[in-house]
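First the structure, in the form of structure tokens, and then the observations on it.
A short reminder: the numbers here are calculations on the coordinates, not readings from a lab. Every value quoted in this text rests on a predicted model; they were computed, and no experiment measured them. For neighbour counting, all protein chains shown are included, and Cβ atoms are generated from backbone atoms with ideal geometry for every residue, glycine included.
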Amino acid sequence: WVFGFNADTLAPMGAYASNADGPGGGIWQSGNGLAGDGSAVYASTGNGVNEYNDAFASQDARGSSVIKLSANLVASDWFTPFNQQCLDTCDLDLATGGPVLIPGLQRLIAGGKEGRLYVLDSTSLGHGPVPDDAQIKQSFKATEDQYSPSTARRRCESFTCNGGSWNGEVVKYPHMHGSPVVWTQAPGSKYRIYVQGEKDRLKAFQYDQQAFRDGASNPLRVFPGPENGAPTDQSNEIAPKDTMPGGILALSSNAQRAGSVILWVSIPKGGDGGDAEDGHNLVTGVLRAYDAADLKTKLWEQTLGPSH
């Protein structure tokens with residue numbers, strides 16, 4: 001549910017339920033809030049029925065989708081990935097990562113447990129499903145499994161997984177949790193976006209000339225092929241094996257000026273020998289600060305145990 005209230009009087013201003021007549025489709029986003037551009041708000045949803053794969057679902061059932069809501073909280077637009085049914089079956093929620101608007105542009109980025117980033121036009125999200133998401137601006141694999149490279153190039157497209165079991169398909173994907181963060185390097189034209197998935201390094205992807213680009217300035221759109229999108233920069237440190245949720249990120253700066261931008265990462269430390277520690281419990285955590293212009297430069301680190 002999303003509820004709206006008048007900021008001055010607190011009078012109710014509308015309500016929205018992503019799957020009012022069916023199960024699932026919750027707005028999770030790993031605790032991140034909604035994105036807003038002043039005239040609309042945006043949310044991503046998790047596993048649940050969708051009108052495209054359930055004959056009994058309501059016409060606006062939106063499991064595993066990005067949804068645009070008008071000021072009075074009416075769904076005016078949406079995007080559903082081409083493999084929505086597989087995401088649902090294999091417990092690969094889109095809603096583990098909240099949507100983020102790129103400041104100064106009509107662009108929205110979103111991603112979840114599959115580790116793929118979607119680049120959407122915020123004025124026309126693209127609906128779907130459409131084969132290989134051909135209707136949207138870009139999509140590429142932003143995470144990879146640094147411990148098991150053979151599983152790093154997977155995408156969810158078959159329905160043979162173990163019905164969403166935690167020991168099934170879901171563990172084979174480096175999940176993204178929380179939201180990507182954005183450094184506005186040149187308003188309206190140049191941005192750097194950061195993510196850190198489970199089992200992966202902290203990564204930066206460069207957005208320039210209206211697209212994410214690789215080192216040779218070619219637009220990243222590696223799907224439907226199996227390759228990962230090449231990052232512009234990445235850290236030396238890898239998220240500890242068998243932990244979740246990867247890195248939860250925040251950015252601080254002096255007006256986003258070069259030389260002042262610090263990327264903060266909160267991440268579970270993991271036990272000796274890769275023992276599982278995850279965000280479902282109180283665990284030992286590490287807070288790190290990186291130079292956002294050079295992710296191999298770690299500025300600061302502190303470890304805190306669960307008793308703190």
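Per-structure values
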| item | result |
| --- | --- |
| Estimated inter-spin distance, ASP208 and ALA186, nm [label 7 Å along Cα→Cβ] | 0.8 nm |
| Full-extension gain in nm, SER148 to ALA17, via 0.36 nm per residue minus C-alpha separation | 43.3 nm |
| Spread of Cα-to-Cα distances over 20 Å intervals beginning at zero, given as percent, for the chain | 34, 59, 7 |
| Local net charge near SER189, Cβ-Cβ under 14 Å (Lys/Arg +1, Asp/Glu -1) | +3 |
| Volume per residue that the Cα convex hull of the stretch 189-244 spans, once the total is divided by residue count, Å³ | 94 Å³ |
| Approximate shape of the stretch 2-62 as ellipsoid semi-axes (Cα gyration tensor, √5λ), whole Å, largest first | 25, 14, 10 |
| Net charge contributed by nearby residues that have their C-beta within less than 9 Å of GLN106 (K/R +1, D/E -1) | -1 |
| Rough spin-label spacing in nm, given labels placed 7 Å along Cα→Cβ, for ALA255 and ASN281 | 4.8 nm |
| The chain: relative contact order as a whole-number percent, Cα under 8 Å and 6+ apart | 11 percent |
| Geometric extent, Cα atoms of the stretch 1-124 - Rg, Dmax (angstrom) | 14.0, 44 |
| Separation in nanometres of the label points that stand 7 Å from Cα toward Cβ, at LYS296 and LEU34 | 4.3 nm |
